[in-house]
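Student: Handing you a structure now.
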Amino acid sequence: MDRPMASLVLLLLGLFAIVAVSQSSSQATREKTRGRHTGGGGFGGGQRTRDREAYDGGVCELEISCRGGGGDEGGNLSTPVKLPIRGPRGPAGHPGEKGDRGNDGLPGYHGAPGLPAPSQKRVAFFAGLTVNFGPVTEHTDIVFDRVITNVGSGYSPLTGRFTAPVNGVYQFNVIVSAQGKQKAAVMILKNGEMVATVWAESIPYWATSSNIAVLSLDRGDQVWLLLLTRASYLHGFMYTTFSGFIIFEH
């Protein structure tokens, strides 16, 4: 291809770019643009440019044929130049098959350490009688004179009462002993109301009884033991004891 032909192709490529960017240009603008390339004084005494737009499946083509300078007997080039123009977007195709699973990604960064779990209040006590207690003429609170364990300071050695320091479920253990044909009856109280009773009757010589109470307490609730008048003798020497501990807070 000689230099005039190359210049013509470059010029037509520029025209193609203009048409591709603005397909909505009016017919008058396209005619004016085409007229600049089909006037006299061109290659071989003139050149002819045809703009053919064929919407076959949404595809447009710009065909350019050059006259003179060889080619067939009519002076036309044997191979016209056709430039495709992108048409409107067609409908979406069917989804393809699912591809293979990709490789695992890199592990992420370690997260920040979490907050420590809230610590549960520790509450436990154990107390007993070192001496015999009773008999009594009226119901009497039992005050245990020896306190071995008092974690959380819930048990008072002055009043003999346990006061719940936090809301929770607590377990209480009561062991009552009687000796020498005596009787012992102890009542477990929660805020002054009877929960359970422990009875020991030493026939013929010795008796020991026990009971367990699992109670839901609010902070400030009290639990203590009451010695009853109808069986008011308790054997000491740590045979009669009172203990308790928290199971869990709530």
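Student: Among what's in segment 123-134 and is part of a loop (DSSP other than H, G, I, E, B) and surrounded by 15 or more Cβ atoms within 10 Å (Cβ to Cβ), pick the residue that is nearest to the chain's Cα centre (by Cα). Explain how you work it out, then say what you get.
Tutor: Step one: of segment 123-134, the residues part of a loop (DSSP other than H, G, I, E, B) are 123, 129-132, 134.
Now restrict to residues that are surrounded by 15 or more Cβ atoms within 10 Å (Cβ to Cβ): 123, 129, 132, 134.
Working: Val123: 34, Leu129: 54, Asn132: 60, Gly134: 62 Å.
In this case the residue turns out to be Val123.
Student: Would you say Ala196 is small (Gly, Ala, Ser) and surrounded by fewer than 18 Cβ atoms within 10 Å (Cβ to Cβ)? It would help to see each step written out before you state the result.
Tutor: Details: small (Gly, Ala, Ser): yes; surrounded by fewer than 18 Cβ atoms within 10 Å (Cβ to Cβ): yes.
Yes.
Yes/no matrix, rows are residues, columns are (1) hydroxyl-bearing (Ser, Thr, Tyr); (2) in contact with a helix residue (DSSP H, G or I) (Cβ under 9 Å, 6 or more places away or on another chain); (3) part of a strand (DSSP E or B):
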position	(1), (2), (3)
Val136	no, no, no
Val147	no, no, yes
Val198	no, no, yes
Ser209	yes, no, yes
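Student: Just need a number here: residues in segment 239-250 that are crowded, with 17+ Cβ neighbours inside 10 Å and either more than 17 Å from Asn211 (Cβ to Cβ) or in contact with a helix residue (DSSP H, G or I) (Cβ under 8 Å, 6 or more places away or on another chain) (or both). Steps first, please.
Tutor: In the first step, residues of segment 239-250 are kept if they are crowded, with 17+ Cβ neighbours inside 10 Å; the result is 239-246.
Filter again for either more than 17 Å from Asn211 (Cβ to Cβ) or in contact with a helix residue (DSSP H, G or I) (Cβ under 8 Å, 6 or more places away or on another chain) (or both), leaving 246.
Residues meeting the conditions: 1.
Student: When residues of segment 104-122 are filtered for being open to solvent by 100 Å² or more (accessible area, probe 1.4 Å) and either closer than 30 Å to Ile247 by Cβ or over 26 Å from the mean Cα position of the chain (by Cα) (or both), how many remain? Full working, then the answer.
Tutor: Filtering segment 104-122 for residues open to solvent by 100 Å² or more (accessible area, probe 1.4 Å) gives 104, 106-107, 109-110, 113, 115-116, 118-119, 122.
In the following step, the residues that additionally are either closer than 30 Å to Ile247 by Cβ or over 26 Å from the mean Cα position of the chain (by Cα) (or both) were identified as 113, 115-116, 118-119, 122.
Residues that pass the stated criteria total 6.
Student: Moving to a separate point now. Of all the residues that make up segment 197-212, how many are farther than 20 Å from Leu129 by Cα and aliphatic (A, V, I, L, M)?
Tutor: Selection size over segment 197-212: 1.
Student: Here's another thing I want to ask about it. Looking only at segment 135-147, filter to residues that are within 17 Å of Trp224 (Cα to Cα) and open to solvent by 70 Å² or more (accessible area, probe 1.4 Å); which one of those is nearest to the chain's Cα centre (by Cα)?
Tutor: Arg146
Student: Considering only residues that are open to solvent by less than 30 Å² (accessible area, probe 1.4 Å) and within 24 Å of Ser232 (Cα to Cα), which ones fall in segment 148-175?
Tutor: Tyr155, Gly160, Phe162, Phe172, Val174
Student: If I filter segment 173-190 for residues that are modelled with pLDDT of 95 or more and not in a strand (DSSP E or B), do I get at least one hit?
Tutor: no
The values are calculated or read from the model by the stated rules, or taken from the named source; none is laboratory data. Please read these numbers as outputs of a predicted model, since none were measured by experiment. Backbone-built Cβ (ideal geometry, glycine too); neighbour counts: all protein chains shown. For accessibility, only protein heavy atoms count, side chains too; no ligands or nucleic acids. Shrake-Rupley method; radii C 1.70, N 1.55, O 1.52, S 1.80 Å.
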